[in-house]
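The values are calculated or read from the model by the stated rules, or taken from the named source; none is laboratory data. Keep in mind the model is a prediction, meaning the values are calculated, not measured. FYI the Cβ positions are ideal-geometry reconstructions off the backbone, even for glycines, and counts take in every protein chain you see.
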Amino acid sequence: MKFKNLIVYWRTILRVAEITLRHQWNDSFILFAILVQPMLIAILALFMLRGSGENYAMFVVVGSGLTGLWSSLLFISGNSINGERWQGTLESLVAAPIPFEVIIFGKNLANVVQSLLSMSTSYLLAALLFGYTLQMSAPFLFTASVFLSIFAFISFGLIIAPLFIMYRGIQQWQNAMEFPVYILAGFLFPIALLPNWTTPVSYILPPYWAARALHETSTGEGDLQKILLAWGMMLIFSIVDLFISSKLFRKMLYKARVDATLETV
Amino acid sequence: MNTIEVKNLRRIYRATTGVIRRKVKEVEAVKDVSFDIKEGELFGLLGPNGAGKTTTVKVLATLLIPDAGEVRVKGLDIVKDANEVRKQIGFIFGGERGLYWRLSAIDNLRYFASLYHVDPEVSKKRIPELLELVGLKGRGDERVQGYSRGMKQRLHVARTLLHDPDILFLDEPTIGLDPVGAREFREVIRNLQSEKKTILLTTHYMFEADSLCERVAVIDKGEIVALDTPSALKKHVRDLSVVEIETFGIDPKVIDDIRKLPFVDALSTREQDHRQLLLVQTERGAEAVPDLIASLEGMRIGRVTVREPTLEDAYVRLVGGKA
């Protein structure tokens, strides 16, 4: 890939993200998924775990933010291609000279970044409503974990979107995929509390490694080795996801041009 | 030099029905279509609904894969070289969809400019120019949802010109526009023609094709039934006259009976509020009027006129009087 192309792609990703954010900001469903629902989860968890200590409050803050991230990825990024089809803009995007996955990358970036808001609102809730004094134990490592998590979530979203288009049977399970990942990825409580047979399932979920890195760097409970393992796993998953998604996008777009489904819902 | 070459294009749509016993239903939208468009030419594609016009345009715009045939744009194969073709073309499909309604016109254009490799500095200059070209100067900051249908259609033109393509595919761009909006839109097309763009225009409106296109292909049931200049096409009906009869609440069976009369060459109808206008093409001209009136016995009849045929009449005859 030429360096000039990379600059063009990166510029396009940022522009797509900017426009997507501005376009979505008036959508009440999106506001619910990224702000209201994580806030409700945070309030519920903070009430249930009152008296468990400041560290656990931080765990809940980060965990409820992760629920916002996952919901946003599953519903908003997962449906992003269908959304374009409903608006009649999909044909213009497919016929653009820029690779289609670059456009979807930009849209996922917008969704993931805006859902980080839910983490900030949970933080404010814990501090203002429940009176916790929350301190980030390793702010630099936490920031690096946030960036890697963003990349891992975006890459994972790039697999979900074309899969939802090609295999509508999977999309029918969209709602059923929301809460199991909250549990299996250890967003709100450690997966050590789950039966042993669920652990391998958690390990193959990129959100689990993101949750691990974010929890360990925010609560200070993990050592550097564990953090590096989580980062490494996120990187590996991201690269694999990007590779698979490029194949899926190529297959999906060719199939859509054969089946004439770019316009029809 | 030919900018667009279509040879023996064939495209089939397949739909699956049934849950247990799945059946594949095939519809051959384009059977065997061939035509060329020269550089800088404004070429019209005319045909009734379902004739295969939009399918042909979508194949050319790289949005559909053909089942057979060869389609080249500037010598590039639309399947193998789709990405290169996309840099050279722009397209508009009729209707209001295809824009982000919750964004302003300027934001829509900025967004599409980034997808079409337009340098930000260039797009900053070009967007106001394009808004002026399509008559939306001073309205660019408004959200698209408040635009009229005509304004949205003109914004589509601005969108498609962002990357300054040499080739434009306009699929029924004036459909649904009011007469003033349609006239303004035709003016925009004329401006594009004067800039030496190669344009493929599909339309239902014969006068539009007559006044704009250098050559016209008439497509029916997925096949080209005629291809020539508008004036040459009119010669198909040179020996005919058109009898126009205004009727009120005519029975469709009577229309079928008239169509079968030996001196009737082609017949089409046009609904006008509560009236139906019968357009009968015949070699007998005014002499056919008494027989036609006789076949409408007992029905309320209004104005009856006999006139010279137009391109529309040629089109009606070519597509078998179904328009």
- Taking the range B:205-244 on its own, how many of its residues are under 30 Å from B:Val304 (Cα atoms), outside any strand (DSSP E or B) and in contact with a Ser or Thr (Cβ under 9 Å, 6 or more places away or on another chain)? 10
- Note on the structure: Exception for B:Ile65 within (1) of a type outside the set (Asp, Glu); (2) closer than 20 Å to B:Leu212 by Cα; (3) assigned to a loop (DSSP other than H, G, I, E, B) falls at (2)
- Query: For the range B:241-272, which residues satisfy the criterion of being over 26 Å from B:Cys213 (Cα atoms) and in contact (Cβ under 8 Å) with a residue 60 or more places away in the chain?
  - Reply: B:Val243, B:Glu244, B:Arg259
- Message: Can you say whether A:Ser245 is within 24 Å of A:Val62 (Cα to Cα) and surrounded by 15 or more Cβ atoms within 10 Å (Cβ to Cβ), as far as the supplied structure shows?
- Response: no
- Query: Among the residues of the range B:71-83, which ones are within 14 Å of B:Thr3 (Cα to Cα) and either among the small types (Gly, Ala, Ser) or touching a strand residue (DSSP E or B) at 6+ places or on another chain (Cβ under 7 Å) (or both)?
  - Reply: B:Val71, B:Arg72, B:Val73, B:Lys74, B:Gly75, B:Ile78
- Task: Name, by its number, the condition in (1) surrounded by fewer than 23 Cβ atoms within 10 Å (Cβ to Cβ); (2) in contact (Cβ under 8 Å) with a residue 24 or more places away in the chain; (3) touching a helix residue (DSSP H, G or I) at 6+ places or on another chain (Cβ under 9 Å) that does not hold for A:Pro97.
- Result: (2)
- Message: Among the residues in the range B:49-70, are any within 14 Å of chain A (Cβ to nearest Cβ), in contact with a strand residue (DSSP E or B) (Cβ under 6 Å, 6 or more places away or on another chain), surrounded by fewer than 23 Cβ atoms within 10 Å (Cβ to Cβ) and of a type in the set (A, V, I, L, M, F, W, C)?
- Response: yes
- Given (1) under 22 Å from B:Lys74 (Cα atoms); (2) modelled with pLDDT under 90; (3) assigned to a loop (DSSP other than H, G, I, E, B); (4) within 14 Å of another protein chain (Cβ to nearest Cβ), number of the condition B:Pro165 does not satisfy: (2)
- Filtering the range B:1-31 down to residues that are surrounded by 11 or more Cβ atoms within 10 Å (Cβ to Cβ) and within 14 Å of chain A (Cβ to nearest Cβ) yields B:Arg10, B:Arg11, B:Ile12, B:Tyr13, B:Arg14, B:Ala15, B:Val27, B:Glu28, B:Ala29, B:Val30
- Message: When the residues of the range B:292-323 are narrowed to those that are in a loop (DSSP other than H, G, I, E, B) and within 20 Å of B:His274 (Cα to Cα), which ends up modelled with the lowest pLDDT?
- Response: B:Ala323
- Task: Give the range B:209-240 a look and list any residue that's in contact (Cβ under 8 Å) with a residue 60 or more places away in the chain and over 12 Å from B:Leu318 (Cα atoms), or say none.
- Result: B:Ala209, B:Asp210, B:Leu212, B:Cys213, B:Glu214, B:Arg215, B:Val216, B:Gly222, B:Pro230, B:Arg238, B:Leu240
- For the range B:105-138, how many residues are within 14 Å of chain A (Cβ to nearest Cβ) and on the phi < 0 side of the Ramachandran plot? 20
- Out of curiosity, is B:Arg307 in contact with a Pro (Cβ under 9 Å, 6 or more places away or on another chain) and touching a residue at least 40 places away in the same chain (Cβ under 8 Å)? no
- Message: Restricting to the range B:65-84, give me the number of residues that are closer than 22 Å to A:Glu263 by Cα and under 22 Å from the mean Cα position of the chain (by Cα).
- Response: 4
- Being more than 14 Å from chain B (Cβ to nearest Cβ), at pLDDT 85 or above and surrounded by 14 or more Cβ atoms within 10 Å (Cβ to Cβ) narrows it down to one of A:Ser202, A:Ser218, so name that one. A:Ser202
